[in-house]
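The values are calculated or read from the model by the stated rules, or taken from the named source; none is laboratory data. These numbers were taken from a predicted model, which means no experiment stands behind them. All Cβ positions, glycine included, derive from the backbone under ideal geometry; neighbour counts span all protein chains shown.
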Amino acid sequence: MLSNKTVKACRSPDAETLAKTGHIAENDADKSIRSIADLKAQLNYAAQFRAKYSRPFITISYAQSIDGSIASRDNAPLELSGPQSWTLTHQVRSVCDAILIGIGTVLADDPQLSVRRIDGKNPQPIILDTHLRTPLDAKCVQRDDVSTWIINGETDSIATRRSLEKVSARPLTCATGPDGKIDLDALMDLLAGMKINSVMVEGGARVITSFLNARLVDQFIITIAPKLVGGLSVLNSRGLEIAQSLECDQVHYQHLGNDIIVWARPGWKVT
Ligand SMILES: NC(=O)c1ccc[n+]([C@@H]2O[C@H](COP(=O)([O-])OP(=O)(O)OC[C@H]3O[C@@H](n4cnc5c(N)ncnc54)[C@H](OP(=O)(O)O)[C@@H]3O)[C@@H](O)[C@H]2O)c1
């Protein structure tokens, strides 16, 4: 029987393995992802990726200031990206099957999680919300086109669940881990079972930190905006638990307006 550790390793191919298995681009194992066209081409293989690794292909994409802040210190909404980077963010949303954020971001920003700046399909919105705190009037559960999946823990109230079902929300129960939060391995099983081949993880800090610590990232697309904020750091106080630092591979820097976009893969070494 495979141990949890083995399963996790199988689910997190290192960059070399990923390249060799042909999931980066057909007949071009060394090609890095450096544009939305490359990402789209990569995601043509996302169904095979899910079949092989039993989880969706995961792109972590967010905007930060030069000092690594993704929000102001008091969690007030903060416009970091310039208009062109915003458009890129919507392009990334539109090529992924799903977009995932934490309840902290819902409460702070009340995002719609839709594609508006380009013509493109809307991804399936997913909220990690262990205790069903999503407000019934949150924009992401007031949409006509889709029911947002609210991933919650096992012990939540039936009344809250029913109220959410009356708006555009679909509560889905998932196992929790020792920290009381949604267990990301169990979540991967859930999403793979629901045929979600690719996920864009947009934030916030706690969610990004959890995905990194679970080695659940295949591609980074990070906008660096020319601002200093001194706010909420992208890696929350837990920091990286897997290593002292994570080195990236296949790094490409793109200027977009006043911003820099970092396209990179995590340099996992499976042990
Ligand atoms: N600049 C950007 O690109 C960007 C993008 C997105 C968000 N943000 C900013 O990020 C801030 C919010 O970040 P945040 O860290 O406070 O909240 P968050 O990461 O959005 O949500 C964290 C919450 O999600 C729930 N959760 C459930 N399972 C989890 C798991 N396995 N790992 C982590 N969280 C889990 C937990 O609440 P429960 O225990 O209640 O479930 C947790 O407190 C906002 O200010 C927002 O503006 C910035």
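Structure notes:
- In region 65-94, the residues that are farther than 12 Å from Thr223 by Cβ reach residues that are of a type in the set (S, T, N, Q) and in a loop (DSSP other than H, G, I, E, B) with C-beta atoms within less than 7 angstrom, at least six apart or across chains, in these pairs: Leu78/Ser72.
- Neighbours by Cβ (under 8 Å, 6+ apart or cross-chain): first from region 178-196, of a type in the set (Lys, Arg); second part of a loop (DSSP other than H, G, I, E, B): Lys181/Thr130
- When restricted to residues that are touching a helix residue (DSSP H, G or I) at 6+ places or on another chain (Cβ under 6 Å) and crowded, with 16+ Cβ neighbours inside 10 Å, region 71-89 contains 1.
- Single residue of region 233-248 satisfying the filter (touching a residue at least 24 places away in the same chain (Cβ under 8 Å) and more than 19 Å from Val262 (Cβ to Cβ)) that is nearest to the ligand (Cβ to nearest atom): Asn236
- Where a residue in region 126-146 is touching a residue at least 40 places away in the same chain (Cβ under 8 Å) and on the phi < 0 side of the Ramachandran plot and its partner, wherever it lies, is of a type in the set (S, T, N, Q) and within 16 Å of the ligand (Cβ to nearest atom), with Cβ under 8 Å and at least six apart: Ile126/Thr148; Thr130/Asn152; Thr130/Thr176
Residues checked against (1) at pLDDT below 95; (2) hydrophobic (A, V, I, L, M, F, W, C); (3) more than 10 Å from the ligand (Cβ to nearest atom):
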| position | (1), (2), (3) |
| --- | --- |
| Thr130 | no, no, no |
| Lys139 | no, no, yes |
| Gln142 | no, no, yes |
| Leu164 | no, yes, yes |
| Leu172 | no, yes, yes |
| Ile182 | no, yes, no |
| Ser198 | no, no, yes |
| Glu202 | no, no, no |
| Phe220 | no, yes, yes |
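- Residue within region 74-87 that is under 22 Å from Ile196 (Cβ atoms) and touching a strand residue (DSSP E or B) at 6+ places or on another chain (Cβ under 6 Å) present: no
- Those residues of region 147-177 which are free of Cβ contacts under 8 Å to residues at least 12 places away in the same chain and surrounded by 13 or more Cβ atoms within 10 Å (Cβ to Cβ), in sequence order: Glu165, Gly177
- Arg93 meets all of the listed conditions (1) farther than 16 Å from Ile36 by Cα; (2) touching a strand residue (DSSP E or B) at 6+ places or on another chain (Cβ under 7 Å) but one, namely (1).
- With respect to being more than 24 Å from Thr134 (Cα to Cα), within 14 Å of the ligand (Cβ to nearest atom) and in contact with a Leu (Cβ under 9 Å, 6 or more places away or on another chain), Asn213 fits the description.
- When region 52-98 is limited to residues that are touching a Gly at 6+ places or on another chain (Cβ under 7 Å) and of a type in the set (Gly, Ala, Ser), the one that is nearest to Gly204 (Cα to Cα) turns out to be Ala71.
- Residue within region 56-66 that is more than 13 Å from the ligand (Cβ to nearest atom) and at positive phi present: no
- Members of region 220-271 found to be surrounded by 19 or more Cβ atoms within 10 Å (Cβ to Cβ) and charged (D, E, K, R), listed by number: Asp259, Arg265
- Of all residues in region 144-161, those satisfying the criterion of being within 13 Å of the ligand (Cβ to nearest atom) and among the β-branched types (Val, Ile, Thr) are Ile150, Ile151, Thr155, Thr160.
- Breaking point among (1) more than 19 Å from Tyr62 (Cβ to Cβ); (2) within 13 Å of the ligand (Cβ to nearest atom), for Leu113: (1)
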